[in-house]
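Chemist: My questions will all concern the structure given below.
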Amino acid sequence: MIKIIQKKPSFSQTLTKGLKRVRRRIYGFRAYVPGLRFQHLRETMVGPVGYWDELQQYQFNVLVANGLRPGHALLDLCCGPLQGGIAFIRYLDAGGYVGVDIRAPNLAAGYRQILDQDLAAKNPRLIRSEAFGRDFLGDAKFDFIFVSQTLYLFDDAKTAQLIALAHRVLKPGGKFLGDILKPELHASLIYPNCGWLCHTVESMRAIAESQGMEVRSLGGLRQFHYPARLSLSSNLMLEFTRKS
Ligand SMILES: C[S@@+](CC[C@H](N)C(=O)[O-])C[C@H]1O[C@@H](n2cnc3c(N)ncnc32)[C@H](O)[C@@H]1O
């Protein structure tokens, strides 16, 4: 794992950062508008604000392009306030969706949308857990596991826990998908002091193999229509599968 190194940002990086800050402030006014307050709150739980629908569509594109079908079972780890989750719940047959997050308020925002969007009959299951749901999943098995825009919060030990769980709960032939920062870009750095960790395909391979899993890169996120103007569009999508 490469720890992010801090370098002096260029003029254009400083300008971009300043413009993004102004944009965030403008969006922040929604917090004072009763009809927009919840929309703003749920977006601040995932960031960046103002891209909810596009990022929801992107998440949906990733899984459907990789084979998700309505009859499948999906484990959405670190699901947050269901940015992707709501689209998955709508698409999957009843009982097909399980979301796990460490933060109860994020799950509460998810429950609110399940009710508001009349999706209770899809019987989605949301789990608050500090162990990626390990303590609550029993012998449930999944065709897909997704960890969107979160893997870079976890160090190698935590990543190994996550991959061990994936090995336990994936059905034969199942896929675990998750994205990492693109090392060449982010080692240099746009995100000083934010604590994000820059895994590489090779560092992930070492962890995956120790847990009986294989990994390969599926390429950048833009192919799944991640908004190109967001810097995380350069992230790489990885696919983990159980070693046969
Ligand atoms: C950037 S958000 C991404 C949410 C969602 N996957 C998406 O892409 O819309 C990161 C989420 O990971 C959750 N999270 C962070 N650490 C976690 C952990 N150890 N276990 C479960 N969830 C965690 C946070 O609470 C937050 O909801």
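What follows draws every value from the coordinates through simple rules; no lab data is involved. As the structure is a computational prediction, the values presented were derived from the model and not from experiment.
Chemist: Quick one: in the stretch 12-100, what % of C-alpha pairs are over 22 Å apart?
Modeler: 40 percent
Chemist: If you restrict to DSSP beta bridges whose two residues both lie in the chain, what percentage is antiparallel, to the nearest 5?
Modeler: Restricted to the chain, the bridges split so that about 45 percent are antiparallel.
Chemist: Over the stretch 1-91, what is the relative contact order in whole percent, taking alpha-carbon pairs under 8 Å and six or more residues apart? Present the calculation step by step, with values, prior to reporting the outcome.
Modeler: Working: 38 pairs, mean separation 20.4, N = 91.
This gives 22 percent for the stretch 1-91.
Chemist: Expressed in whole Å with the largest first, what are the equivalent ellipsoid semi-axes of the stretch 134-244 derived from the C-alpha gyration tensor as the square root of 5 times each eigenvalue? Kindly include the intermediate steps, with their values, before the conclusion.
Modeler: Details: eigenvalues 123, 46, 32 Å².
Gyration-tensor ellipsoid for the stretch 134-244: 25, 15, 13 Å.
Chemist: Based on DSSP H assignment, which helices of the chain show an axial Cα extent of at least 15 Å together with a mean Kyte-Doolittle hydropathy greater than or equal to 0.0? Could the numbers behind the result be given before it?
Modeler: Working: long enough: 11-28 (25 Å, -0.81); 52-65 (19 Å, -0.19); 104-116 (18 Å, -0.06); 156-169 (20 Å, 0.30).
Flagged H segments are 156-169.
Chemist: To continue, here is another question. Please list, ordered by chain and number, the residues whose modelled amide H lies under 5 Å from the amide H of Leu126; skip anything fewer than 5 residues away on the same chain.
Modeler: Residues meeting the criterion, in which the H sits 1.01 Å from N, are Gly99.
Chemist: Grab every C-alpha pair in the chain, bin the distances at 5 angstrom width from 0 up to the longest one, and report whole percents.
Modeler: Taking all Cα pairs of the chain, the binned fractions are 1, 6, 13, 17, 20, 18, 12, 7, 4, 1, 0 percent.
Chemist: Please report Rg over Rh for the stretch 199-238, where both radii come from the alpha carbon positions and Rh follows the Kirkwood definition.
Modeler: Working: Rg = 12.1 Å, Rh = 11.0 Å.
With Rg and the Kirkwood Rh in hand, the quotient comes to 1.10.
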